[in-house]
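To keep things clear, I will list the structure first and then write my remarks on it.
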Amino acid sequence: MKVLGIETSCDDTSVALYDSGRGVSANLLSSQVDLHGVFGGVVPELASRAHLVNLLPMVDLLMERQQLRLRDLDGIAVTAGPGLLGALLVGLSTAKALCFAADLPLVGVHHLEGHILANALTADLVLPATVLIVSGGHTEVVHMPEVGVYERLGGTLDDAAGEAFDKTAKLLGLPYPGGPPVDAAARRGHPGRFTFPRPLMSDSRTVFSFSGLKTAVRTVVEALPRPLDDQTIADVCLEAQEAIVDVLCHRLFQAARRKHARAVYLAGGVAANGRLRERIADEAGRRGLHFLPPERVYCTDNAAMIAYAGWCHLAAGRTDPLSLDSFARAPLASWR
């Protein structure tokens with residue numbers, strides 16, 4: 001079964017082909033980082049326009065490279081939400097048009113399910129599993145007893161972990177998006193120079209809060225003499241990152257213990273963070289839990305995860321009508 005995947009939920013245009021006999025056959029991505037970097041964040045209208053320019057040529061390129069025609073596909077999967085509505089509509093409208101033209105089934109994929117199932121592109125899933133989803137827009141914990149069955153255990157009360165990384169980077173004059181440069185600088189940092197809070201660590205609920213941590217970092221950075229030297233930047237990054245990672249790890253394993261999970265997984269853009277992957281791997285080993293992080297190329301937004309998720313839906317006989325609408329916000333729901 002061959003499934004074309006389309007992902008346009010935010011600022012990356014991506015198309016991919018998942019072949020049940022070969023796995024991911026192609027995964028193309030056009031990044032808009034340079035377009036939005038000058039603004040320090042994603043500008044929704046600019047993102048939508050870039051998707052309009054890039055998407056169909058990328059579909060044509062993928063099909064040409066794979067020597068396929070639309071009628072050779074078994075279905076098209078597309079991110080229906082959550083995300084930026086304008087950006088989502090570009091991908092969804094394109095997928096609908098292609099499905100209508102070639103009489104193909106359509107599958108709308110929840111963006112978070114795509115990120116969760118990106119773990120299956122690395123290796124077979126071990127279930128039941130508890131998954132930490134961390135990105136610029138999401139920080140939550142989901143329990144997955146089987147593919148298609150999802151229980152949200154909790155999430156952030158305010159800001160996402162990715163926002164805390166981005167804010168730290170911006171305060172220190174590091175480029176956007178902030179996660180990679182903060183991670184890189186932290187590896188040169190000296191511990192103990194700064195102290196930042198670990199919000200809600202004593203709370204028994206599966207909840208996160210990063211607004212106070214962002215404020216604490218800002219207060220410290222604004223009090224530092226200018227210009228900031230490289231070592232000071234590295235030291236702030238180290239302690240800010242440690243505070244974020246401490247909270248994320250604590251909540252993930254707290255939830256996994258309660259749900260008697262056999263495995264823990266990471267999903268979302270922040271899943272590429274080196275320190276977070278190291279800490280979870282160490283703790284999972286101590287607790288006897290399976291953990292294998294997704295390949296970094298599948299952590300950020302990509303169409304390969306959408307194509308695979310769509311394949312799971314199609315294999316179970318689930319499709320969507322061409323009247324399917326996009327949505328900016330909605331919880332991940334079970335479909336099996």
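The values are calculated or read from the model by the stated rules, or taken from the named source; none is laboratory data. Model, not experiment: these values are computed from the prediction. Glycine gets a Cβ as well: all are built from the backbone with ideal geometry, and neighbour counts include every protein chain shown. Just the protein is used for accessible areas: all its heavy atoms, side chains included, with ligands, DNA and RNA removed. Shrake-Rupley method; radii C 1.70, N 1.55, O 1.52, S 1.80 Å.
Please find the FRET efficiency linking Leu70 to Arg262, where r is the Cβ-Cβ separation and R0 is fixed at 41 Å, and quote it to the nearest 0.05.
Working from the Cβ atoms, E equals 0.55.
Tell me, what is the per residue accessible area of the chain in Å², probe radius 1.4 Å? Before the final figure, lay out the partial values.
Working: 14030 Å² over 336 residues.
Here the per-residue accessible area is 42 Å².
In degrees from 0 to 90, rounded to the nearest 10, what is the angle of the helix 230-259 Cα long axis to the longest principal axis of the chain?
Helix 230-259 sits at roughly 60 degrees to that axis.
Report the Cα-based extents of the chain along its three principal axes, largest first, to the nearest Å.
Per principal axis, max minus min of the Cα coordinates gives 62, 45, 30 Å.
Within segment 207-250, list the residues whose amide N lies under 14 Å from a label point set 7 Å along Cα→Cβ of Arg287.
Output list for this probe position: 207, 246-250.
At 20 °C and a viscosity of 1.002 mPa s, what translational diffusion coefficient does Stokes-Einstein give for segment 234-299, taking Rh as the Kirkwood radius over Cα pairs? Give it in µm²/s as a whole number.
Details: Rh = 12.4 Å.
Value of D from the Cα-based Kirkwood radius: 173 µm²/s.
As a check on your grasp of the helix formula, calculate [θ] at 222 nm for the chain: sum -39500 (n - 2.57) over DSSP H runs of n ≥ 4, divide by the residue count, round to the nearest 500. Write out the running numbers ahead of the final one.
Numbers: 10 runs with 140 residues, N = 336.
-13500 deg cm²/dmol, from helical runs alone.
For Val149 and Thr215, compute 0.36 nm times the residue count separating them, minus their Cα-Cα distance, and round to one decimal in nm.
20.1 nm
Loop only by DSSP, 11 or fewer other Cβ within 10 Å of the Cβ. Give me the trypsin sites (Lys or Arg not before Pro) in segment 64-162 that pass, ordered by residue number.
Within segment 64-162, the qualifying trypsin sites (Lys or Arg not before Pro) (loop, at most 11 other Cβ atoms within 10 Å) are Arg69.
Place a +1 charge on the Cβ of each Lys and Arg in the chain and a -1 charge on the Cβ of each Asp and Glu, then give the dipole magnitude about the Cα centre in debye, rounded to the nearest 20.
Numbers: 32 positive and 36 negative charges, 151 e Å.
For this selection, approximately 720 debye.
Mean projection of the alpha-carbon convex hull of segment 35-185 over all orientations, in nm²?
In nm², the orientation-averaged hull projection of segment 35-185 is 11.3.
For the chain, give the percent of accessible area contributed by carbon and sulfur heavy atoms, probe 1.4 Å, rounded to a whole number.
52 percent
Residue by residue, what Karplus-based ³J(HN,Hα) values in Hz, rounded to whole numbers, does segment 329-334 have, using 6.51, -1.76 and 1.60 with θ = phi - 60° and x for Gly and Pro?
Calculated HN-Hα couplings, in order: 9, 4, x, 6, 10, 6 Hz.
Alpha carbon centre of segment 178-253 versus segment 58-122: separation in Å?
Rounded to whole Å, the Cα centres lie 37 Å apart.
Under 16 Å Cα-Cα from Lys170, which lysines qualify once same-chain neighbours fewer than 8 residues away are excluded?
Lys170 reaches Lys214.
Can you compute 3J(HN,Hα) from phi for each residue in segment 222-227, using the Karplus curve 6.51 cos²θ - 1.76 cosθ + 1.60 with θ = phi - 60°, rounded to whole Hz and x for Gly and Pro?
Running phi through 6.51 cos²θ - 1.76 cosθ + 1.60 with θ = phi - 60° gives 5, 8, 7, x, 9, x Hz.
What is the Cα coordinate range of segment 17-86 on the first, second and third principal axes, sorted by size from largest, in whole angstrom?
Cα spread of segment 17-86 along its principal axes, largest to smallest: 42, 23, 19 Å.
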